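Asks: Here it is, the structure, as structure tokens.
FYI, it's all coordinate maths here, none of it is from the lab. If you're wondering where the values come from, they're calculated on a predicted model, not measured in any experiment. Virtual Cβ from ideal backbone geometry, glycine too; neighbours counted across all protein chains shown.
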Amino acid sequence: MSGSGKTTLAKLLIGFYEIQEQCGNIQINQHNINDISRKVLRQYINYIPQEPFIFSGTVLDNLLLGSRPNLTQETIDQACSFAEIKADIEKLSQGYYTKLSESGSDLSGGQKQRLSIARALLYPAKCLIFDESTSSLDTITEHKIISNLMDMKGKTIIFIAHRLNIAAQTDKVIVLDKGTVVEQGSHQQLLNLNGYYTRLINRQG
């Protein structure tokens with residue numbers, strides 16, 4: 001639900017806000033997040049917002065922003081395939097070398113989001129936080145991307161979403177209401193509770 005504190009929690013995880021001691025703490029691998037430098041934290045966690053950052057440059061330039069050096073074409077192709085954007089890129093006049101305008105105004109909202117997801121997959125982070133990062137996609141494409149992400153090994157994937165079809169594909173669901181965790185468990189476990197989560201599912205139809 002809007003205003004429940006999902007994005008605020010994500011920003012706490014990436015060190016955007018300082019956590020006051022009296023308010024509790026967040027730990028990553030038994031380390032208090034306040035004791036981890038912001039630089040190290042943001043190397044470990046990659047935050048992908050709803051509105052992607054696209055700059056004036058080629059598709060490839062945008063994909064490689066912040067990525068590790070010396071990526072192979074195969075690795076880039078794989079990330080784009082996972083993000084369901086590879087076929088779109090191949091249709092562009094110069095493929096990966098097609099020049100994009102500032103803010104990606106020559107791309108659709110869904111294409112920008114998928115490009116941003118592919119970029120995130122090329123960034124060497126162990127944890128990826130997708131904050132409504134598929135909101136402009138149709139449900140079929142979204143389902144494919146989520147399935148691809150869930151198949152990845154060695155990464156923690158966190159989805160922040162209103163569309164609860166995403167929750168059904170994840171290992172664990174945490175339900176927030178007004179900044180409080182009200183339910184948590186697998187999709188099926190929460191349905192069995194027949195509580196807040198079930199009401200949200202029924203409301204979305």
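Asks: With a cut-off of 8 Å between alpha carbons and a minimum separation of six or more residues, what is the relative contact order of the chain in percent?
Replies: 24
Asks: Which longest run of the chain has no exposed loop site in it, a site being chymotrypsin sites (Phe, Trp or Tyr not before Pro) in a DSSP loop with at most 16 other beta carbons within 10 Å, and the site itself not part of the run?
Replies: The longest uninterrupted stretch comes out as 56-205.
Asks: From the cross-link list 39/126; 39/99; 11/39, which pairs have alpha carbons spaced over 21 Å apart?
Replies: Flagged as over cut-off: 39/99.
Asks: Ratio of Rg to Rh for the range 45-165, alpha carbon only, Kirkwood?
Replies: 0.93
Asks: Report the label-to-label distance for residue 21 and residue 68 in nanometres (one decimal), using points 7 Å from each Cα along the Cα→Cβ vector.
Replies: The two pseudo-label positions are separated by 3.8 nm.
Asks: Please compute one quarter of the surface area of the Cα convex hull for the range 59-123 and express it in square nanometres.
Replies: 3.9
Asks: Additional query: Once the piece of chain linking residue 93 and residue 155 is laid out straight, how much longer is it, given 0.36 nm per residue of separation minus the C-alpha distance between them?
Replies: Length gained, residue 93 through residue 155: 18.9 nm.
Asks: Whats the longest run of the chain with zero trypsin sites (Lys or Arg not before Pro) that are DSSP loop and have at most 14 other Cβ atoms within 10 Å?
Replies: 1-125
Asks: With a point put 7 Å past each Cα toward its Cβ, work out how far residue 61 is from residue 12 in nm, to one decimal.
Replies: Going by the 7 Å Cα→Cβ label model, 3.9 nm.
Asks: So what is the calculated 222 nm ellipticity per residue for the chain, using -39500 (n - 2.57) for each DSSP H run with n of 4 or more, over all residues, to the nearest 500 deg cm²/dmol?
Replies: -11000 deg cm²/dmol
Asks: Something else: Calculate, in nm to one decimal, what residue 162 and residue 35 gain on full extension: separation in residues at 0.36 nm each, minus their alpha carbon distance.
Replies: Using 0.36 nm per residue and subtracting the Cα-Cα distance, I get 42.5 nm.
Asks: Still on this structure: Let me understand the chain better: what is its radius of gyration from the alpha carbons, and its Dmax, in angstrom?
Replies: 18.0, 56
Asks: In degrees from 0 to 90, rounded to the nearest 10, what is the angle of the helix 109-122 Cα long axis to the longest principal axis of the chain?
Replies: Computed tilt is about 90 degrees.
Asks: Once phi is turned into θ = phi - 60°, what whole-Hz ³J(HN,Hα) does the Karplus curve with 6.51, -1.76 and 1.60 give for every residue of the range 78-92, x standing for Gly and Pro?
Replies: Once θ is set to phi - 60°, the couplings for the range 78-92 become 5, 4, 5, 5, 4, 8, 6, 10, 4, 4, 5, 5, 5, 7, 5 Hz.
Asks: Suppose R0 equals 22 Å; then what is the FRET efficiency for residue 43 and residue 147 from their Cβ-Cβ distance, rounded to the nearest 0.05?
Replies: Working from the Cβ atoms, E equals 0.25.
Asks: Which of 73, 43, 189 moves most in a GNM of the chain, Cα contacts under 10 Å?
Replies: It is 73.
Asks: Can you list residues whose amide H is under 5 Å from residue 177's amide H, if they're 5+ apart or on another chain and H is modeled 1.01 Å from N?
Replies: 182
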